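Sharing a structure with you now.
The values are calculated or read from the model by the stated rules, or taken from the named source; none is laboratory data. Just so you know, these numbers come straight off a predicted model, no measurement behind them. Cβ atoms come from the backbone with ideal geometry, glycine included; neighbour counts cover every protein chain shown.
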């Protein structure tokens, strides 16, 4: 009887270790550009990303929150369900150019600022509302700019708030 309990315990621990490793590796892989580009919806996005100076990052580094695991997994599930929908039932509704949702834009901006905190602290960056207003092709390089990127700034737009926080800080 004692032998059976020890064997069951050993098997349980072994299975637990295997499941943990598979789960961790699976979650890491599902953040990777290779995984994300496996859907045809993401082909152009991946190709532009692979041509950028951020190509060594995982998609989740920019597109998922890092404040806690529950928030990250919730956002990952929401995005994943949307992509599954488009790749199965909504193929005819796939937009020509993908745009981040308002929620995704907020997460991306927080991640930009988090990674580039020293630059943001040392260089005035308050002339525009979001990082991507000026850095639209980062990290999605060539062939991923919208028409707005090529439009010149409105008179005074860039200088209007230039140095606002920098001078006050």
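I need a count of the residues in the stretch 8-42 that are at pLDDT 85 or above and more than 21 Å from residue 77 (Cβ to Cβ).
11
Look through the stretch 108-117, keep the residues that are assigned to a helix (DSSP H, G or I) and out of contact with any helix residue (DSSP H, G or I) (no Cβ under 7 Å at 6 or more places or on another chain), and return whichever of them is nearest to residue 133 (Cα to Cα).
Pass one, the stretch 108-117, residues assigned to a helix (DSSP H, G or I): 108-115, 117.
The next check asks that each one be out of contact with any helix residue (DSSP H, G or I) (no Cβ under 7 Å at 6 or more places or on another chain); those that pass are 110, 114-115, 117.
Working: 110: 14, 114: 17, 115: 17, 117: 18 Å.
My answer is 110.
Give me the helices (runs of 4 or more DSSP H) completely within the stretch 1-107, filtered to those with at least 2 residues that are in contact (Cβ under 8 Å) with a residue 60 or more places away in the chain and closer than 24 Å to residue 131 by Cα, ordered by residue number.
So the answer is 43-50.
Further, regarding this structure: Please verify whether residue 45 is surrounded by 15 or more Cβ atoms within 10 Å (Cβ to Cβ), touching a helix residue (DSSP H, G or I) at 6+ places or on another chain (Cβ under 9 Å) and at pLDDT below 80, treating the condition exactly as stated.
Working: surrounded by 15 or more Cβ atoms within 10 Å (Cβ to Cβ): yes; touching a helix residue (DSSP H, G or I) at 6+ places or on another chain (Cβ under 9 Å): yes; at pLDDT below 80: yes.
For residue 45, the condition - surrounded by 15 or more Cβ atoms within 10 Å (Cβ to Cβ), touching a helix residue (DSSP H, G or I) at 6+ places or on another chain (Cβ under 9 Å) and at pLDDT below 80 - is met.
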